[in-house]
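Where a number appears in this text, it was derived from the coordinates with a stated rule and is not lab data. The shown structure was predicted, so the numbers you read here are calculated from the model rather than taken from an experiment. Here the Cβ positions follow ideal geometry from the backbone for every residue, glycine too, while neighbour counts run over all protein chains shown.
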Amino acid sequence: MTAASDAFLVGAGVVAGIVGTGGGITSLVSYPALLAVGLTPLAADVANLVALVACWPGSALSSQRELTGSGRWLARGLPLVALGAAGGALLLLTTPSGLFGHLVPVLLAAGSLALLCQPVLTRRLHARRGPVLALPVVAAVSVYSGYFGAGAGVLLLATLLVLVDQRLPEANAVKNMLNGAATVAAAAVLVCAGPVVWAAVVPLAAGLFVGATLGPFAVRHLPATAVRVAVAALGLGLAVRLAFAA
């Protein structure tokens, strides 16, 4: 890694942290940034999942107001997402790298389409919402979060908006806490079981912490539709590119 690549990863981390904790998909910025500095798809995914741990404390610092009253729900949700994400990380480590390379475009496209269609999904499922259904859905999404993660935050946010809390800032803050628990669990498995490119993780994590601190403020002020469409377009473009590369 060079000084230029370190600076690039810090900048990408800031943008990714803002986008992800502000309601978008963190990995659609951070993951291609890791690919751009020369990491293989599998190494980039591992480094990305480990670096994403930095988003948890950053978003928690700036989300105290929105998290008020969510302690009871989080007490039930956090252990579930941690277990699910750890299982997803184990799945990542046991999946053949060649197969993983072919799955990445599909996962990216699915996450991007979920982001693009989120308002429609929310409207159609609103009548069927129920907190009882939220925990099983959150647990299932956390498995995917530990395996790859791009789009997992959007799926969590959609679940929370439809089944738990219709207020976007509050649902987004809870989503950030659940995502944090998932990334810590997945990172713990990956650090213990596989090689991690720490030279890429450190600068990316530094940028992610800064961006994640700013993201919750952004969701209060920026037009959500513009951010959502822009990130979805980026994800679909990357999915097409990786599909041809694979």
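Brief remarks on what is shown
- Among W56, W73, a tally of other beta-carbon atoms within 10 Å of each Cβ gives an order, fewest to most, of W73, W56.
- Using C-alpha pairs under 8 Å with a sequence gap of at least 6, the mean separation divided by the residue count of the range 1-59 gives a relative contact order of 29 percent.
- For the chain, the longest principal axis of the Cα atoms and the long axis of helix 41-51 meet at an angle of about 50 degrees.
- Placing a pseudo-label 7 Å from each Cα along the Cα-to-Cβ vector at H221 and A36 gives an inter-label distance of 2.5 nm.
- Contact order normalised by residue count of the chain, Cα under 8 Å, 6+ apart, percent: 43 percent
- Between L74 and C192, the modelled labels are 2.5 nm apart [label points 7 Å from Cα along Cα→Cβ].
- The range 133-166 versus the range 169-236: alpha-carbon centroid distance in Å: 14 Å
- Counting every other Cβ atom within 10 Å of each residue's Cβ, T225, T213, T40, T183 order from fewest to most as T225, T40, T213, T183.
- Helix 224-245 vs. the chain, principal-axis angle (Cα, 0 to 90°, nearest 10): 40 degrees
- Cβ charges +1 (Lys, Arg) and -1 (Asp, Glu), total dipole of the chain, debye: 720 debye
- Taking 0.36 nm per residue of separation and subtracting the current Cα-Cα distance, fully stretching the chain between F244 and A7 would add 82.4 nm.
- FRET efficiency for the pair V229 and A199, taken as 1/(1 + (r/R0)^6) with r the Cβ-Cβ distance and R0 = 45 Å, rounds to 0.85.
- Distribution of pairwise C-alpha distances over the range 3-245, 10 Å bins, in %: 9, 36, 40, 14, 1, 0
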